[in-house]
1. Within the stretch B:211-227, work out how many residues are more than 14 Å from chain A (Cβ to nearest Cβ) and either under 30 Å from B:Leu190 (Cα atoms) or open to solvent by 30 Å² or more (accessible area, probe 1.4 Å) (or both).
2. Starting from the stretch A:39-52, keep only residues that are among the small types (Gly, Ala, Ser), then list their pairs with residues that are near ligand 2 (Cβ under 9 Å from one of its atoms) and part of a helix (DSSP H, G or I) whose Cβ atoms are within a distance under 8 Å, requiring at least 6 positions of separation or different chains.
3. Which condition breaks for A:Ser69 when tested against (1) within 16 Å of ligand 2 (Cβ to nearest atom); (2) closer than 20 Å to B:Val200 by Cα; (3) assigned to a loop (DSSP other than H, G, I, E, B)?
4. Taking the stretch A:256-286 as the search range and keeping residues that are outside any strand (DSSP E or B) and free of Cβ contacts under 8 Å to residues at least 40 places away in the same chain, which one is most open to solvent (accessible area, probe 1.4 Å)?
5. Would you say A:Asp28 is more than 14 Å from chain B (Cβ to nearest Cβ) and in a strand (DSSP E or B)?
6. Which residue, of A:Ile26, A:Ile19, is within 21 Å of A:Pro218 (Cβ to Cβ), in contact (Cβ under 8 Å) with a residue 60 or more places away in the chain and either touching a strand residue (DSSP E or B) at 6+ places or on another chain (Cβ under 9 Å) or among the polar types (S, T, N, Q) (or both)?
7. Looking at the stretch A:131-163 only, could you name the residues that are away from ligand 1 (no atom under 16 Å from the Cβ), not in a helix (DSSP H, G or I) and not β-branched (Val, Ile, Thr)?
8. Please pick out the residue among A:Arg173, A:Arg182 that is in a helix (DSSP H, G or I) and either open to solvent by 70 Å² or more (accessible area, probe 1.4 Å) or within 17 Å of A:Ile26 (Cα to Cα) (or both).
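The values are calculated or read from the model by the stated rules, or taken from the named source; none is laboratory data. All of these numbers come straight from a predicted model, not from anything done at the bench. Quick reminder, even Gly has a Cβ in these numbers, built from the backbone with ideal geometry, and neighbours come from all protein chains shown. These area figures cover heavy atoms from the full protein model, side chains too; ligands, DNA and RNA do not enter into them. Shrake-Rupley method; radii C 1.70, N 1.55, O 1.52, S 1.80 Å.
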Amino acid sequence: MGQIQLKQVTKSFGSTEVIPPLDLTIEDGEFTVFVGPSGCGKSTLLRLIAGLEDITTGHIEIDGQDATSVVPAKRGLAMVFQSYALYPHMSVRKNIAFPLRMAKLDQAAIDQKVEAAAAVLNLTDYLDRRPGQLSGGQRQRVAIGRAIVREPSAFLFDEPLSNLDAALRVGMRLEISELHERLKTTMVYVTHDQVEAMTMADKIVVLQAGVIEQVGTPLELYRTPRNIFVAGFIGSPKMNFLTGEEAAKHGAHTVGIRPEHIDVVESGGAWQGTVGVAEHLGSDTFFHIHNTGLAETLTVRAIGDVSLRHGDTIHLSPRVEEFHRFDAAGLRIA
Amino acid sequence: MATKASRSAARIMMAPAVVLLLGWMLVPLIMTLWFSFTKYLPLRGDSIERGLDWVGIANYARFISSSSFWPAVQTTLIMVGGVLLITVVLGILLAMLLDQPMWGQGVVRILVIAPFFVMPTVSALVWKNMLMDPVNGIFAHLWRFFGAEPVAWLQDASLSSIIMIVSWQWLPFATLILLTAIQSLDSEQLEAAEMDGAPVIKRFWYIVLPHLARAITIVILIQTIFLLSIFAEIFVTTGGAFGTRTLTYLIFQRVIDSQNIGLGSAGGVYAIILANVVAIFLMRIVGKNLDA
Ligand SMILES: Nc1ncnc2c1ncn2[C@@H]1O[C@H](COP(=O)(O)OP(=O)(O)OP(=O)(O)O)[C@@H](O)[C@H]1O
Ligand SMILES: [Mg+2]
């Protein structure tokens, strides 16, 4: 079990309100990701759920029980910190065993659980090392091991992969997703990396300045962003926004179109411009296009290696059905 | 500073300082060793110009067989141990207190450090005359206010009183070192332990204390070196009476009161040995924290 409910939760540090009244339900077994720009209150929200920070007003319920004033240890949640927060003077074995020792389990049970967790996380060979003697990815696994031995009702992750290099990040992302498949435990995961959010989440919560902009599955957010902020935040490269004449044609204040929804054509096409920077990735090519008369720059994604260079003229054909329309307040027009 | 040329240049430039320091240390050490094997009583007309008589280990034998020797060693160890215990325990508590965010933190920190800037002689005199005086001292007034008989601190509880005075002087040092160590503790570790179900006491025991181990080691080693040679505090308070005669003080009495430089030098060599024994002993117990 691990259903978490926030009811009219607010948080202020002194006189600055970081989180205005907020309602959110995280269902049991769900992998929920909080995304948003830096400083939007993702960590704060996670720490409120963990109990490391006191709620200013409102209620938190875990599995239907009011947990607002329950101490962190008694909430049955486990947290993995960005800095891993391993205990440097204890061996990996002692680190993983620590929550069990605090729960006063007998030694045989502790040993058995630690061995089991180590086996799952490929840490068996490192059990007698200190955290200082491990690589970043291994430390991350120890931190996860320390969380899973407690068999919590939910895991809380605060940007657990941000200290790892790109390749390791992709690997750990898969491992965490697999762990979720296997344990089926609720996971709440904070990141500012929208690729992590898109690939891992069952449900994404997009935050801006403490306010929930939209909640939905990754594809819902991608296909029907509720406003310009979400539209710009989800998707990479970023959606192109056009105002003025082009938007008026579609009966909107602003229209957005994703780079992957504009086709590069030999000739004709509705739009044309000159190639600024062309990023050739092999599988894709990203063009940053100027002088279109639509916007400062237009980003376009072409499949495969398209051999257009800096300064070339490019012909473009947007897919009409893929336009997103927004009104003057930035909200989606259905 | 990595090329060969820059390294040898560094060596040449450091040489004068090294030579000076070596001379500074070696000359007194060798002279002490030499005197300790000779009969050197200036009042009886012995002097270096006229040559000193070699007496072998007679001074050593006499110093160690003196009835004051072992009590002095014991007093020294009790005093050093007592001060270490008080400063480390209170230092940890004060450091944790000062680490809490509070109003007027800066001022409070300076106040805590203040005793360290007072000269040992001055602070001992202040304690003796203003606080511990059995008639006019603040403690005496306090005791009388509560209807108790004032304590003659420096006579009836002389060793404890001196331990108290010296601890007061060294507490700032311990607090300061431990405070910087506590400030370097990653708060996420404490939060992780909190979530792992460790109550405050266990967080202190399993997280804070191990984190402080290295700083505590440093405090103990440095303080021991200085505490073994405590002198001014004893000189101005009890003058070595009432069971406060440490090894350092005994040597002083042999050299100055009895004007026996040979015997005092032998005592000095014993003091060096004691200091080394204590240092090795401490290194063994706590030193492994240093290379962790
Ligand atoms: N202890 C604190 N006292 C005062 N303000 C705080 C405190 N902790 C956080 N804040 C403020 O609350 C806001 C949200 O902080 P938070 O750490 O939740 O951001 P975040 O979304 O996790 O950002 P990042 O992606 O950079 O980690 C920030 O504006 C921050 O300055
Ligand atoms: Mg954060």
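1. Residues flagged as more than 14 Å from chain A (Cβ to nearest Cβ) and either under 30 Å from B:Leu190 (Cα atoms) or open to solvent by 30 Å² or more (accessible area, probe 1.4 Å) (or both) within the stretch B:211-227 amount to 8.
2. Final answer for the pair search is none.
3. Evaluating A:Ser69 over (1) within 16 Å of ligand 2 (Cβ to nearest atom); (2) closer than 20 Å to B:Val200 by Cα; (3) assigned to a loop (DSSP other than H, G, I, E, B) leaves (1) as the failure.
4. Filtering the stretch A:256-286 for residues that are outside any strand (DSSP E or B) and free of Cβ contacts under 8 Å to residues at least 40 places away in the same chain, the one most open to solvent (accessible area, probe 1.4 Å) comes out as A:Leu281.
5. no
6. A:Ile26 is the lone residue from the list that is within 21 Å of A:Pro218 (Cβ to Cβ), in contact (Cβ under 8 Å) with a residue 60 or more places away in the chain and either touching a strand residue (DSSP E or B) at 6+ places or on another chain (Cβ under 9 Å) or among the polar types (S, T, N, Q) (or both).
7. Correct list: A:Leu134, A:Ser135, A:Arg150, A:Glu151, A:Pro152, A:Ser153, A:Ala154, A:Phe155.
8. Unique residue meeting the criteria: A:Arg182.
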